Amino acid sequence: MPTFDIDSYLLDVLTKIDDCGWSVVAVEPDIGDPEPGFAYTVGLTTAGHPELAIFGLPARLAQSLLNQVAERLVGGESIRPGDRLERVIGNGLTLTAVDMTDLSELGVVTAVYGHADRALQLVWPDPEGRMPWQRGYSMTPEAQPLFGYGLE
C-alpha cells in the first residue's frame, strides 16, 4: 500500500490557492464507514472570505458546488449565515449557508493556516425542498450532519 505524502499534498493545495485563490479538499469515507463524505475549501481565508464546506454529497458533485460558490466569492459576492444561494447547479438547487461552529473536520485549513477561524456549511435540501431544521425533513441526520446552527 503506498504511503501518503502530506508535504506533497499540502504543496499541491498551496499551488492551487496561488493559481486560482482556493483549493477543494474532498474526504471520501472508507468502505463500510457510516459517516458521509464531505468536501471543503482551503484558501478563501486569504482573501478575507469564510471557507466553505458541504457534507453528504458525492465528492465530484460537492467539489463542483464548492468551486461554483467559491468563484462567486472571489468574483465579489459575499455570503453570510442564512443566505440562500439560488441556482448553484443546472437543475436550480438552492443551498443555505450556515455558520459552522465546529471546524474540527477542516484539517487541511488548520494545516495551512495553523487554525480554522471561519467557515460556512452549505446545506442542501431533501427531495421535497425542506432543510434539516424544517419540519418534515425526510432524510436522516447522518445523511447530512450539521456542524453549526440550523435556521428556523
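State yes or no: is ALA70 touching a residue at least 24 places away in the same chain (Cβ under 8 Å), buried (at least 18 other Cβ atoms within 10 Å of the Cβ) and in contact with a strand residue (DSSP E or B) (Cβ under 8 Å, 6 or more places away or on another chain)? Explain how you work it out, then say what you get.
Details: touching a residue at least 24 places away in the same chain (Cβ under 8 Å): yes; buried (at least 18 other Cβ atoms within 10 Å of the Cβ): yes; in contact with a strand residue (DSSP E or B) (Cβ under 8 Å, 6 or more places away or on another chain): yes.
The answer is yes for ALA70.
Going by what's in this entry, would SER78 be described as farther than 22 Å from THR110 by Cα, assigned to a helix (DSSP H, G or I) and under 16 Å from the mean Cα position of the chain (by Cα)?
On the way: farther than 22 Å from THR110 by Cα: yes; assigned to a helix (DSSP H, G or I): no; under 16 Å from the mean Cα position of the chain (by Cα): yes.
Judged against the criteria, SER78 is not a match.
Tally time: how many residues in the stretch 29-41 are modelled with pLDDT of 90 or more and farther than 15 Å from ARG72 by Cα? Spell out the reasoning first.
The initial filter retains those residues of the stretch 29-41 that are modelled with pLDDT of 90 or more, namely 38-41.
Right, trim to farther than 15 Å from ARG72 by Cα and you get 38-40.
The total comes to 3.
Among the residues of the stretch 96-152, write down those that are of a type in the set (Phe, Trp, Tyr) and under 19 Å from ARG80 (Cβ atoms). Before the answer, list the steps.
Looking only at the stretch 96-152, we keep the residues that are of a type in the set (Phe, Trp, Tyr), and these are 113, 124, 133, 137, 147, 149.
Selection gives TRP124, TRP133, PHE147, TYR149.
Could you tell me which of the residues GLN63, GLN134 is over 23 Å from GLY43 (Cα atoms) and out of contact with any Leu (no Cβ under 7 Å at 6 or more places or on another chain)? Steps first, please.
Numbers: GLN63 fails: over 23 Å from GLY43 (Cα atoms).
Answer to the check: GLN134.
For PHE38, all conditions in the list (1) surrounded by fewer than 22 Cβ atoms within 10 Å (Cβ to Cβ); (2) farther than 14 Å from THR110 by Cα hold save one; what is the number of the exception?
With (1) surrounded by fewer than 22 Cβ atoms within 10 Å (Cβ to Cβ); (2) farther than 14 Å from THR110 by Cα applied to PHE38, the lone miss is (1).
Each row is one residue, and each column tells you yes or no for (1) touching a strand residue (DSSP E or B) at 6+ places or on another chain (Cβ under 7 Å); (2) in contact (Cβ under 8 Å) with a residue 60 or more places away in the chain; (3) of a type in the set (Gly, Ala, Ser); (4) part of a loop (DSSP other than H, G, I, E, B).
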{"residue": "LEU103", "(1), (2), (3), (4)": "yes, no, no, yes"}
{"residue": "VAL108", "(1), (2), (3), (4)": "yes, yes, no, no"}
{"residue": "ARG130", "(1), (2), (3), (4)": "no, no, no, yes"}
{"residue": "TYR137", "(1), (2), (3), (4)": "no, no, no, yes"}
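Quick check: is even one residue across the stretch 73-83 of a type in the set (Gly, Ala, Ser), surrounded by 11 or more Cβ atoms within 10 Å (Cβ to Cβ), under 22 Å from GLY148 (Cα atoms) and at pLDDT 95 or above? First the steps, then the outcome.
From the stretch 73-83, those of a type in the set (Gly, Ala, Ser) are 75-76, 78, 82; that's our starting set.
So of that shortlist, the ones also surrounded by 11 or more Cβ atoms within 10 Å (Cβ to Cβ) come out as 82.
Add one more test, that the residue is under 22 Å from GLY148 (Cα atoms), and what stays is 82.
From what's left, at pLDDT 95 or above: none.
No: the stretch 73-83 contains no residue that is of a type in the set (Gly, Ala, Ser), surrounded by 11 or more Cβ atoms within 10 Å (Cβ to Cβ), under 22 Å from GLY148 (Cα atoms) and at pLDDT 95 or above.
The values are calculated or read from the model by the stated rules, or taken from the named source; none is laboratory data. Being a predicted model, the structure only gives us computed values, none of them experimental. Positions of Cβ are generated from backbone atoms using ideal geometry, with glycine treated the same way; all protein chains shown enter the neighbour counts.
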